[in-house]
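Here's the structure, in structure tokens; my notes come after.
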Amino acid sequence: MKKLSVFIYSMAGGGAERVVSNLLKYLVNHFEIHLILQNEQIDYELPKGVKIHLLENSKPFESGILKLAKIPFLALKYKKLCQNLGIDTHFVWMNRPCYIAGLARIFGLKGAFVFNECSTPSMLYKNAGIKGAVSKALLKWLYPKADFIYPNSSGALEDLRDNYGISPSKMRVLYNALDLEQIEQKAAQPLTELENKKFFLSVGRLDEGKNHELLIR
């Protein structure tokens with residue numbers, strides 16, 4: 001059975017993390033899964049057989065300078081870990097892990113590299129100042145090191161193509177994985193507090209990028 005590294009910052013309660021938890025239920029039947037994290041928080045149930053490795057124990061609110069400075073060291077650490085594990089394929093999620101994996105490949109790490117892009121970078125870094133400029137530069141340099149990239153929307157694919165020079169031949173949209181059975185089970189649960197009331201439902205963290213304001217207006 002081939003060995004697959006699934007590399008993501010953490011499995012805390014976010015959208016990308018939920019998608020990974022849903023995908024793992026399928027992937028574990030086809031690969032020996034090594035889940036590689038930069039933070040130990042795990043809020044989602046993981047299938048049996050997934051092996052967990054902690055690349056570091058990063059704090060969520062580290063300074064941007066520290067995050068940037070650590071990338072080469074983490075890339076070398078990721079390379080050594082994956083070589084010791086005999087990883088065949090790298091499935092990498094979220095920006096920092098993608099930068100680390102891309103640099104690890106420059107350092108000589110072998111295997112197939114697949115990146116997932118679950119944001120629209122130009123929007124994400126639009127008003128981010130120096131941090132945004134550095135992130136855009138890293139993306140332009142390191143994302144092309146991947147063999148293939150899965151954006152989760154056509155808008156994200158177009159952004160990578162038009163603004164970051166990623167060839168459309170090495171991209172395809174991979175929509176967020178859903179556990180339909182779990183959704184149907186939860187849909188059957190009564191919402192007594194909302195019974196006989198009309199309502200709008202918006203799900204997402206409270207920040208500008210989620211644009212709850214648009215729904216309210």
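The values are calculated or read from the model by the stated rules, or taken from the named source; none is laboratory data. Just so we're clear, the structure is a prediction, and the values are computed from it rather than from any experiment. Quick reminder, even Gly has a Cβ in these numbers, built from the backbone with ideal geometry, and neighbours come from all protein chains shown.
Of note:
- In the set (1) surrounded by 13 or more Cβ atoms within 10 Å (Cβ to Cβ); (2) farther than 20 Å from residue 10 by Cβ; (3) not hydrophobic (A, V, I, L, M, F, W, C), the condition left unmet by residue 135 is number (2).
- The lone exception for residue 62 - which of (1) farther than 23 Å from residue 28 by Cβ; (2) of a type in the set (Asp, Glu); (3) modelled with pLDDT of 95 or more it fails: (3)
- When residues of the range 146-198 are limited to those that are hydrophobic (A, V, I, L, M, F, W, C) and more than 25 Å from the chain's Cα centre (by Cα), the one nearest to residue 99 (Cα to Cα): 187
- Restricting 117, 32 to residues that are crowded, with 20+ Cβ neighbours inside 10 Å, at pLDDT 95 or above and among the charged types (D, E, K, R) narrows the list to 117.
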